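Beneath this line is the structure, given in structure tokens, with notes to follow.
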Amino acid sequence: MTASLATLPVTRAVRQQAIGHLEAAASACRRLEDPADTEALHDFRVSLRRLRSLTRAYKPYICDCLPKKLRRRVKDMASATGLARDTEVQLEWLNQQRGQARPHERAGYLWIIRRLEARLEEEYQDLREHLPVRFERLRERLATRLGLAYDDSSPPMGEVTADLLLEAGEEFRAHLEQVHGQADEDEIHQARITAKRLRYLLEPLVPELDGGKALVLELKGLQQIMGEIHDTQVLGAELSQAAEEAGAARMKSLIDLSLRLPHDDPQVEAARRSDERPGLVSLARDLQEREQDMISRLLGHIGAGDVTRFLEHLQKTADALRRLSAPVPEADDEAQSLSDADAYPGD
């Protein structure tokens, strides 16, 4: 019979989970070779993120086998894939929007899409060339360290996780209490990161918890809204930089043509009509509306008490984890004698 994760010594439970995340990352890394596998990079990043979150949350129980330098390498490898994944998300949204572009905006839509497609191709080429070798070296080191002997007398996983959940829950509450509108981007960002930590703490224990799946779904709903807010902010920064480059390139092209051709030449007129900036401005407006809508939804959830209810459910979950991980008391001699008498009443 498989032991309950909540009752395992936390040192053992964390190592088991870390090995699982490492194997999942290795599998996803191999899938990167297939251009048709559009989820490989996402799955690789999620596995590394879970591994990093796990080792950071339970650092006192893992630092003997995974020193800071090695944990830092996991973070750096995940960061190295961030630009490609952000670009994938941005292209998905832009391709959904391009159908609504008006004629004078299409040049801008197509320009930013081509720009991001070129970047994504370059990023994937670099990842496929260098990532597998780099990751395999790291995987071997991590696997070796995780396989070292360790002290198995640590407290149960459930007991430790209960404390971590409540600590993260209070941090989550504190950040969201400071959110009042679009100006509070940093608080939303920090709340999003804390929500992700909470989910990674909860999910391994969901099978052992009544209502565990429902609690994770509550959290996912809030996390998704904050994730979309973050995506709009990242793409907004991209558009701002792109507009600057597009404007400079457009002006240079017009000047070069004007130096060679009459002002009424068809090439000069075509260059004026194909300005990318109106499309970029249109996309910026769409992004602002999307961000405002997401922030309004988040504030609506906060105002409706959804965060408070989630934290109440989280408290109950922490209490349940403590009960699950509590040692079963041994029967004393008197209780055992009564039990024996009941079992053999004729003696």
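Some observations on this one:
- Taking the helices alone, the chain has a mean residue ellipticity at 222 nm of -26500 deg cm²/dmol, built from -39,500 (n - 2.57) per DSSP H run of at least 4 residues and averaged over all its residues.
- Sequence ranges 53-63, 138-148, 86-96, ranked by mean other-Cβ count within 10 angstrom, highest first: 53-63, 86-96, 138-148
- For region 12-127, the spread of Cα positions along each principal axis, largest first, Å: 61, 26, 21
- Crossing angle, helix 333-343 versus the chain [Cα axis fit, 0-90 degrees, rounded to tens]: 80
- Helix 185-202 vs. the chain, principal-axis angle (Cα, 0 to 90°, nearest 10): 40
- The long axis of helix 157-177 is offset from the longest Cα principal axis of the chain by roughly 40 degrees.
- Plainly put, region 34-92 has a radius of gyration that is 1.09 times its Kirkwood radius, both from alpha-carbon atoms, as the Rg/Rh ratio.
- Normalised by the number of residues in the chain, the mean separation of alpha-carbon contacts (under 8 Å, six or more apart) gives a relative contact order of 25 percent.
- Relative contact order of region 1-82, defined on C-alpha pairs under 8 angstrom at six or more residues apart (%): 32
- Between ARG173 and ARG56, the FRET efficiency estimated from the beta carbon spacing at R0 = 22 angstrom works out to 0.60.
- Within-14-Å neighbourhood charge of HIS313 [Cβ basis; K, R +1; D, E -1]: +1
- Rg ratio (alpha-carbon, reference 2.2 N^0.38 Å) - the chain: 1.34
- Pairs of lysines in the chain whose Cα atoms sit within less than 16 Å of one another amount to 7, provided the residues are eight or more positions apart or on different chains.
Each reported figure results from applying straightforward, stated rules to the coordinates on display, with no laboratory input. This structure is a prediction, so every number in the text was calculated from the model and none was measured. Glycine also receives a Cβ, built like all others from the backbone with ideal geometry; neighbour counts cover every protein chain displayed.
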